[in-house]
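What follows is a set of notes on a single structure, which appears directly below.
Computed from the coordinates by the stated procedures, all read-outs in this text should not be read as laboratory data. Every value quoted in this text rests on a predicted model; they were computed, and no experiment measured them. Backbone-built Cβ (ideal geometry, glycine too); neighbour counts: all protein chains shown.
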Amino acid sequence: MHGTDTFPTGALAAKSLAADAEDRATAAALGAERVPAPPSEPDFWPNVHAPDAARTVTADVARLAPVGRRHALLVFLSNPTAVAGLLILAVVVGAALAAPILFPDDPLEMAGRPLQWPGQNPRFPLGTDALGRDVLAGLVHGARVSLLVGASATLAGLLAGILVGATAGYFGGVVDDVLSKLIEIFQTVPGFILLIVLVAIAQPSVPAIALAIAAVSWPQVARLVRAQFRAIKEKDFVAAARALGFGHGRIIFREILPNALPPVIVLASVTVATAILMESALSFMGLGDPNVVSWGSMIGTGRDLLRTAWYLSAVPGVAIVLTVLSLNLIGDGLNEALNPRLGGEG
Amino acid sequence: MTTRRLPRILKALRRTALQAVPTVIGILILNFFLLRLTPGDAADALAGEAGAATVETLAALKSKFGLDLPVLEQLGGYLSNLAHFSLGVSPRYNQPVAELIAARLPNTLSLMGLALVFALVIGITLGALMASFAGRPADRVLSVVALLFYSIPSFWIGLMLIVLFSVKLGWLPTGGAETIGANLTGWDAVLDRARYQILPALSLALFYVAIYARLTRDDMIEVRTQDHVRTARAKGLSPFAVTRDHVLRNALIPVTTMAGIHLAGLMGGAVVVETVFSWPGLGRLAYEAVMGRDFHVLLGILLLSSLLVVAVNAAIDILQAWLDPRIEVR
């Protein structure tokens, strides 16, 4: 390979894919950095199957070829910070799944003497709050809400973002103009204020909060997908698909979308992180679902006792930070594994 | 030079106006439909206050407020109200919404400004450090630190800063905007306000510190490989001078562009941070409006903050056309 000394920067190539400053920032914020060394022999690229393609493999082709799944997985797993993120997330997911078994009682019920500090009573390793509720039980049950809202909001946001972005990027012209304007409008409106308005109008419940978060996070996905589609639809294989008489739907979903997905997957992990942050901020402000315990609401109620019992606010916050950090670490690792192109071009 | 600048700026102005006008119209329509979605209209509220209302009086009230007109005509009425800078009256404060917002806006803007300064200074420093250690363990560690900053909720770090600096150390106040009853003037008043502003601005800035650190790092590494930097090095400048005058300076252009784009995010972040520190700004007003179900105030804030973002971005666009002749006017 050539020029290993030129230190690659992710933001640079993101620009060529997604020409906007914002996408550039996303890529930078995601931390597109070191490129994994491209393999010297094409055996590493299990997806290059067609005889023609195999014959034309050069260093350049290998460098720019889409990454094979197994290879990406290897790169991801050899990244210590990404693996650390995966482990943290596994613990959180495990806690969320095991919550009904570990703490079968309602976490909103009184469990012991109020305001015991962490470590004071072995029955409550993280202490109890002003109403005598077990902080650890709240933490474990809160993980369910955070992950549920984060995942469902991201799923809905991805769906909407991909549909809008793909339509705009694929068809171009007036359709693109209108949809781009729509995306721009939603990105101009301060997202968190819109989120508050939506939740206040819709009345807080877990599904409503998830949908409201999706409503403020889809524009970023749409923007990225649109840029990807605009770049990919010019490629030869799309022209070939068109020449074969495939319909728009098939070209969009079967031909272009799979190739546009890697950066979207990276964005998705960061979107889950952002969604969790938004949910926690909402419930901290008292706009969360009042019937479930969540990390944000625990911090919100602990806030009144900040002077005397600051652990009540500190402990759930650490849970949020660790979960969000793990998702961001995973996003970073995915970015390095899936988008080596981002840094390949100098 | 200036003679050639003027047409360029005029072109930029035209382009910006062409882009901004549809955006503004879209924002207005979005606001109108959100307003219509809010539970209970003005007639319901008045009828509720009266205690009892027949179907006829309710209908009369509705026609008085124009609520029985077709949607499009209502939209027209809404727009004409806006054209007269009327955002409605808040029943809670018994004050026009526009006045309420105008009273709080300067506080929020000063908080956002200070947060942006913190974010840029700390972020660029961190990013420059990361770039100079690129690929080495120090860079790796700082990257994770930046990612940690990126993952911390602003309201939580705000509370923790209060615990440390206000409760434990007693250095800074826990909240509010100024010492009540101190009647300070001149320099003392400025210092007093600054003391109240440090912690909220820092909490708000942390997230953006991470973004700017990474952006600066990547941009610096990109710029470093360019020819003019090699030339500067070849002419014998010290590594520090090369970094400061040739690498950092060029790497900063995209960073400053981003600062404009982050305005909307900062505004949203300010809402949460202000409730933590009881900072009397727009965010605090929004919070009170939510608690009192005062939708006119809430939508007024949403509308004005959106328009502010449009205006600032347009200003940045024009400023850049002024500063950098290479930026093509499309």
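Consider a paramagnetic label point 7 Å from the Cα of A:L115 along Cα→Cβ; state which residues of the stretch A:280-318 have an amide N under 11 Å from it.
A:305-310
Could you state the principal axis extents of the C-alpha atoms in the stretch A:62-169, from the largest down, to the nearest angstrom?
63, 35, 21
Explain nothing, just the number: dipole magnitude of the stretch A:79-172 about its Cα centre with +1 on each Lys and Arg Cβ and -1 on each Asp and Glu Cβ, in debye rounded to the nearest 20.
120 debye
From the phi of every residue in the stretch B:285-297, what ³J(HN,Hα) in whole Hz does the Karplus formula 6.51 cos²θ - 1.76 cosθ + 1.60 yield, where θ is phi - 60° and glycine or proline is x?
Coupling constants for the stretch B:285-297: 4, 4, 4, 4, 5, 5, 5, x, 6, 9, 6, 4, 5 Hz.
With a ≥ b ≥ c the root eigenvalues of the C-alpha gyration tensor of the stretch B:200-290, is it rounded (a/c under 1.5), prolate (a/b larger than b/c) or oblate? Walk me through the numbers before you get to the answer.
Numbers: a/c = 4.86, a/b = 3.59, b/c = 1.35.
Verdict is prolate for the stretch B:200-290.
Separation between the B:R193 and B:L172 pseudo-spin-labels, each 7 Å from Cα along Cα→Cβ, expressed in nm?
Reported label-point gap for B:R193 and B:L172 is 1.7 nm.
For a quick protection proxy, order the peptides A:153-163, A:301-311, A:215-225 by their average other-Cβ count within 10 Å, most packed first.
Highest-to-lowest ranking by the protection proxy: A:215-225, A:153-163, A:301-311.
What translational diffusion coefficient, to the nearest whole µm²/s, does the stretch A:204-295 have by Stokes-Einstein, given a Kirkwood radius computed over alpha-carbon pairs, a temperature of 20 °C and 1.002 mPa s viscosity?
Working: Rh = 15.5 Å.
Here the translational diffusion coefficient equals 138 µm²/s.
Quote the charge dipole size of the stretch B:180-330 about the Cα centre in Debye, to the nearest 20; the model charges only the Cβ of Lys and Arg (+1) and of Asp and Glu (-1).
My answer is approximately 500 debye.
Please arrange B:T231, B:T38, B:T257 by how many other C-beta atoms lie within 10 Å of their C-beta, fewest to most.
By the 10 Å Cβ count, ascending, the order reads B:T231, B:T38, B:T257.
Just grab the label-to-label distance for A:D105 and A:L131, each label 7 Å out from Cα along the Cβ direction, in nm (one decimal).
Spacing of the two 7 Å Cα→Cβ label points: 1.4 nm.
How far is it, in nm, from the label point at A:L244 to the one at A:A98 when both lie 7 Å from their Cα along the line to the Cβ?
My value for the distance between the label points is 4.8 nm.
Grab the alpha carbons of the stretch A:115-218, take their convex hull, and tell me the volume per residue in Å³.
Convex hull of Cα atoms, per residue: 121 Å³.
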